[in-house]
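See structure below.
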Amino acid sequence: MRTRTTTWFETKIQYEKTMEDGLQKKVKEQYVVDALSFTEAEKRITEEMSSYISGTFDVADIKKASYKEIFFSDEGTADRWYKAKVQFITIDEKTEKEKRTNVYYLVQASTIHQAVKNIDEVMGSTMIDYAIAAVSETTIMDVFEYQKSIK
């Protein structure tokens with residue numbers, strides 16, 4: 001399990017896809033890229049997708065993602081992305097009341113059960129008290145991390 005903290009952008013790509021029956025269908029697919037700005041996010045997703053899509057495509061939408069981190073899996077069957085709402089639990093020293101702070105993560109896994117296991121694996125190695133409030137499957141097709149080019 002590998003984690004990465006950066007600024008993530010959710011992008012939607014619209015293009016004509018050849019379906020299994022051979023017919024062309026206009027589809028919108030969601031991808032995530034890390035970038036410093038909206039402009040860089042558009043450039044990055046265009047570069048990434050041009051090697052996968054033959055023909056033209058449009059970047060239909062870009063928005064800043066709410067994830068604090070992304071938990072990548074080395075599991076070969078981890079082909080889905082889950083959005084997890086994790087609550088960090090602290091005690092207010094003045095009022096002695098429990099306070100919960102929501103943090104969102106994107107988790108790569110093969111099943112929702114595996115996503116929960118991956119969260120516990122990462123969070124279990126910390127000293128933070130936490131509770132998993134929600135985990136839901138997303139429509140994200142893939143996540144593209146920034147790779148430094150070797151010259």
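Can I112 be described as in contact (Cβ under 8 Å) with a residue 40 or more places away in the chain and either of a type in the set (A, V, I, L, M) or more than 30 Å from E47 (Cβ to Cβ) (or both)?
Values: in contact (Cβ under 8 Å) with a residue 40 or more places away in the chain: no; either of a type in the set (A, V, I, L, M) or more than 30 Å from E47 (Cβ to Cβ) (or both): yes.
Spelling it out, it is not the case that I112 is in contact (Cβ under 8 Å) with a residue 40 or more places away in the chain and either of a type in the set (A, V, I, L, M) or more than 30 Å from E47 (Cβ to Cβ) (or both).
So, restricting to strands (runs of 3 or more DSSP E) that lie completely within segment 59-138, which ones have at least 3 residues that are open to solvent by 70 Å² or more (accessible area, probe 1.4 Å) and more than 30 Å from V27 (Cβ to Cβ)?
Details: elements: 67-72, 80-91, 98-109, 130-137.
Fully inside segment 59-138 and qualifying: 98-109.
Across segment 26-58, the qualifying residues are those that are charged (D, E, K, R), open to solvent by less than 70 Å² (accessible area, probe 1.4 Å) and assigned to a strand (DSSP E or B), and the one among them that is farthest from I112 (Cα to Cα) is D34. Condition check for T3 on (1) open to solvent by less than 70 Å² (accessible area, probe 1.4 Å); (2) in a strand (DSSP E or B); (3) modelled with pLDDT of 90 or more: one failure, at (3).
Of all the criteria given as (1) touching a strand residue (DSSP E or B) at 6+ places or on another chain (Cβ under 7 Å); (2) at pLDDT 95 or above, the one not satisfied by T111 is (1).
The values are calculated or read from the model by the stated rules, or taken from the named source; none is laboratory data. If you're wondering where the values come from, they're calculated on a predicted model, not measured in any experiment. When we count neighbours, we look across all protein chains shown, and the Cβ atoms used for this are built from the backbone with ideal geometry, even at glycine. For accessibility, only protein heavy atoms count, side chains too; no ligands or nucleic acids. Shrake-Rupley method; radii C 1.70, N 1.55, O 1.52, S 1.80 Å.
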